[in-house]
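Notes for the one structure printed next.
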Amino acid sequence: MSAISNLSRRGFLQGIVGAGALVLGARYLPRLLSKHEAAAGGTQADHATLHPNVFVGIDTDGTVYIVAHRSEMGTVIRTSLPLVVADELDADWKRVKIEQAIADPRYGDQNTDGSHSIRSFYDIMRQAGATARFMLIQAAAQQWGVPASDCQTDLHAVVHPATGRRLGYGELAHAASKFSVPKKEELQFKKKDAWRYIGKGMDSYDLADLCTGKAIYGMDSRLDGMVYASIEHPPVFGGKVKSYDEKAPLGVAGVHQTVPIDPFKPPCAFQPLGGVAVIADNTWAAFQGRKKLDVVWDNGPNESYNSDAYKNELRETARKPGKVIRSEGDVDSAFTKGGSVFEADYYVPLLAHASMEPMVALAEFKDGRVTAWAPTQNPQAAQDIISKELGIPKEHVVCHVTFLGGGFGRKSKPDYVAEAAVLSKKVGRPVKVVWTREDDIRFDYYNAVAAMYLKASLDATGKPTAWLQRCVFPPITSIFDVSAVYGDPGHLQQGWTDMPYDISNLRVENGPAQAHVRIGWLRSVANIYHAFAVQTFTDELAHRASRDPAEYLLELIGSPRTLDLRNTGYPNYGASSDTYPWETGRLRGVTEMVIEKSGWRKRKSGKGHGFGIAAHRSFLTYVATVVEVEVSDDGEIKIPRVDTVVDAGLVVNPEVTRAQFEGAAVFGTSVARSGEITTKNGAIEQSNFSDYPVARINEAPYQTNVYIVDSDAPPAGVGEPGVPPFVPALCNAIYAATGKRIRELPLTRTNLGSSV
C-alpha cells in the first residue's frame, strides 16, 4: 500500500497543469518558514540603519522597509497603508519592501475589522513617513552646510534646489540615524497637490505573488515534525462530550491519537468550543479518523432551539413595546390624531461568513512559549486567548499573520488558533488544525437573526407625521456576557439609532432576545438588517403614496443638517462626532448623484423589469445604490446593472475602493438571494455551499458602476458600507418589477413567479 503524501493545493494544480493529468504520487512543499519568520523578534525595519518609528526602516542601500500591521484578506490594506507612508516619505515605490507585523501592542490596534484601518491609521502613517523625511533632510542639510529649510525631497532623494546637489536616501541613512526623532509639531506634511500616491492608488504590492502561487496562506504554513488535527465539535452550542470511541480512529492509517478538548466556560468569547480532536500525519487521515469517533453528546439546554419557533418569538417581541433608545417629539400623540397608519414586519435570518478559506492555524508549544501562524484578522486577540487557555504570559505568545483567503469578520475571533495551541501542548508537537467547509458553516459566529417592526402615521400627501421602529436580535455582546439580551449601543447605532429622516415625531426601540448560538460581526453587521427594514419600509410608503421612490427618499432625508445624537448613546463607530459629524447633506448628495448616474428618471419599471433605490450611512461613509433587475415568469432573477455612489471622505486607493463596492454587490446578492442559517434541535442544518450557496457568476450583477465623491472630509470606511443599501435596493427593484414585496430574507422564501 502506498503512503499518503501531503500534497499541497499548489502541488495538486501543478500536477494537473504540468502533466495534463492527476498525479497522486507528486509531492510539492511550499518553502519552509525561515528562521526570521519563525522567530519572535522584530522586522527588517527594526534592524535598518535608520529606524525612526515602528513602521519605517531605511538601509544604506536605499531600501525602504514599511511594516504592515493590518491583515490582508483581499482589501489590499497591506498596500494602501504603506502607500500613505511612502507618499509622505517621498519614497520610490519600486524600492519599498513591505513586511507583515507579528502581534505586538507597539503597533496599536491590529484588529482588521470594522472598516477603520485607513480612518484610524491614516494620520499615523503620514506621521511615520514625514518623520523619516524630516530626519533625512536634516542629515543632508548638515552635510551641505545649509539650512534645512533650503532643502526638499524628490523621489527617494534629498535635493538642494539652489545648487542642484542631490543625495539618495541610502547615502543619508546612517547620518540621519544620529538625529533625534522629531516631535509631531515639528513635521511639515506634504500638500495635496504634491501627493504621488494618495488618491491615485497602486496595484496590490502582493499581486505577482498572489497570481503565481507564492503567497503564503494559513494552509501553506509548515513546520518540521508537525501533525494535523481535525476536531469533532459539539453539534449544539454549549454541548459536551459524554463518550466516544478512542480505538476505532486508530485503525485509520496515519492517525496517531485522539485528544479531548475541554468545553468552554461561559461566556464563550473566543474560547475553543470543545470536542474531540483526531491527530494524524495528514488531513485525509485526520478527517477519516474523525468519522469513526462515534461521539455521544450531552447537548445541553440549547437543544430546544429551533429557528422557525424562534422566528415567531422574535416577531412577537418586535410587536411589543421595547426599550426606548431614541425619542423625539410625541409619537403616541401623533398616532392618535388620525390619518392613515401603515405598519410592516421585516425579518433577516442568521448568516454565515463562508469565506473561501475555512479556519486553519498552526501552533507550536515549546518551553512554555507558543508560536502560531494563522490567517487571523486579530493576532492580538489570538495572543490573549492562547495566553488564557494555556496559562502562560501573553508575552510568551507570538502570532504570525499569513494571508487570509477571505475573512468578513469571522477571522477576528481566534478560537481556531487557540485550538492549535491547546493541542500542541497536549501532543508535544507542532499542530495544524484544519477545519472542513462543514465545520466552517456549522460552528461559525453568526450574524444575528433579526425581526423589525415599523409603523408610520401619514398625512394626506403620504409623508410621515410619526415614525416608530423596533428591532429585536440576539446581541453580539452575548458571547462576552451570557445575560445580555438587548442590543448594545455599538450595534444599535448601525442604521437604527441614527435613523436620519426629517420627522418631528420619532421613536426608536429595541426588544430582548436570547442567543442560542455564537453571535459575531459579519461584513456590515447590524446595518444589514436595519437598512433592509428602514429602506424597504421607505419604498413601501412611497408606493402607497403613488410617489417616485427616489424623490420620496430625498424628501424624507430633508434639507442638509447635522444630526444631534449626543443623548442617544451613539458611539459614532468610535470616532469623534466633531471630526465625523452625521451630515444628512452628504446622504442627500450621494442619493442625488446616484439618481443622475443611474438615469433613474428615464427608466421605467414593470412587467418583469424594475429599478430600486436605497441610501444608508455606515462606518462613517455615505452610500446610495440603484439596482436594476429582470425577473422572469418562473421567478428567475437577473441583475443587469448596479450603480453606487460613495462618499467616504478622502480615498487613498480609488481603484481598490471601487473593487470593494463591486465585491459588496456580489456579497449583498448572496445575502439576499440565499443567505440563511436554520436550526433544528439546536443543530445547524446547513453544511456546505450545496445548502448555503453564495452567488454564482450568472447570479451576480452583470455590471456594477461605482462613483466616488471627490471629498476633503477625513477618510472613512470602504470595506463594509456597500452591502447595507444594496440589499434593500435589490428587493425594492424586485417589487417594482413584479409587484411582490420582500419583507423576509432570503428571496427563496418568496415565490417570485408569474410576475404582474
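The values are calculated or read from the model by the stated rules, or taken from the named source; none is laboratory data. Please read all numbers here as calculations on a predicted model, not as lab measurements. Cβ coordinates were reconstructed from backbone atoms using ideal geometry, including for glycine residues, and neighbour counts include every protein chain displayed.
Below, the figures for the structure above:
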quantity: Residue in the range 708-719 that is in the same structural domain as N572 (by TED's automatic domain parsing), closer than 25 Å to R119 by Cα and outside any loop (DSSP other than H, G, I, E, B) present; calculated: yes
quantity: Unique residue being in a helix (DSSP H, G or I) and either closer than 16 Å to G719 by Cβ or at pLDDT 95 or above (or both) when the list is S71, S120; calculated: S120
quantity: Of residues in the range 195-218 being of a type in the set (D, E) and in a loop (DSSP other than H, G, I, E, B), the one farthest from A659 (Cα to Cα); calculated: D206
quantity: Count of the range 158-178 residues which are touching a helix residue (DSSP H, G or I) at 6+ places or on another chain (Cβ under 7 Å), small (G, A, S) and under 21 Å from N53 (Cβ atoms); calculated: 2
quantity: Y453, sole failed condition from (1) over 29 Å from P721 (Cβ atoms); (2) among the hydroxyl-bearing types (S, T, Y); (3) out of contact with any Pro (no Cβ under 7 Å at 6 or more places or on another chain); calculated: (1)
quantity: Sole exception among (1) part of a loop (DSSP other than H, G, I, E, B); (2) of a type in the set (A, V, I, L, M, F, W, C); (3) touching a Gly at 6+ places or on another chain (Cβ under 9 Å) for A515, by number; calculated: (3)
quantity: Residue in the range 538-570 that is surrounded by the most Cβ atoms within 10 Å (Cβ to Cβ), counting only those that are among the polar types (S, T, N, Q) and closer than 23 Å to P489 by Cα; calculated: T568
quantity: Some residue of the range 437-445 being out of contact with any strand residue (DSSP E or B) (no Cβ under 9 Å at 6 or more places or on another chain), under 19 Å from W521 (Cβ atoms) and part of a helix (DSSP H, G or I); calculated: yes
quantity: Residue that is farthest from the chain's Cα centre (by Cα), among those in the range 167-177 that are over 11 Å from H156 (Cβ atoms) and not in a loop (DSSP other than H, G, I, E, B); calculated: A175
quantity: Residue check, R470 in contact with a strand residue (DSSP E or B) (Cβ under 6 Å, 6 or more places away or on another chain), surrounded by 24 or more Cβ atoms within 10 Å (Cβ to Cβ) and either of a type in the set (D, E, K, R) or modelled with pLDDT under 95 (or both); calculated: yes
quantity: Qualifying residues in the range 595-630 (those that are of a type outside the set (D, E, K, R) and in a helix (DSSP H, G or I)) - the one surrounded by the fewest Cβ atoms within 10 Å (Cβ to Cβ); calculated: W600
quantity: Single match in R126, R166, R119 (criterion: buried (at least 21 other Cβ atoms within 10 Å of the Cβ) and basic (K, R)); calculated: R119
quantity: Odd one out for Q380, checked against (1) polar (S, T, N, Q); (2) within 30 Å of A515 (Cα to Cα); (3) not in a helix (DSSP H, G or I); calculated: (3)
quantity: Residue among S230, S180 that alone is assigned to a loop (DSSP other than H, G, I, E, B), outside the structural domain of P714 (by TED's automatic domain parsing) and not hydrophobic (A, V, I, L, M, F, W, C); calculated: S180
quantity: Unmet requirement for E37, which otherwise passes all of (1) at pLDDT 95 or above; (2) in a helix (DSSP H, G or I); (3) charged (D, E, K, R); calculated: (1)
quantity: Count - residues of the range 389-429 that are under 12 Å from P379 (Cβ atoms) and either over 21 Å from the mean Cα position of the chain (by Cα) or in a loop (DSSP other than H, G, I, E, B) (or both); calculated: 6
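One line per residue, one yes/no per condition, for (1) in contact (Cβ under 8 Å) with a residue 40 or more places away in the chain; (2) small (G, A, S); (3) part of a helix (DSSP H, G or I):
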residue: P474; (1), (2), (3): yes, no, no
residue: S483; (1), (2), (3): no, yes, no
residue: Y486; (1), (2), (3): yes, no, no
residue: D539; (1), (2), (3): yes, no, yes
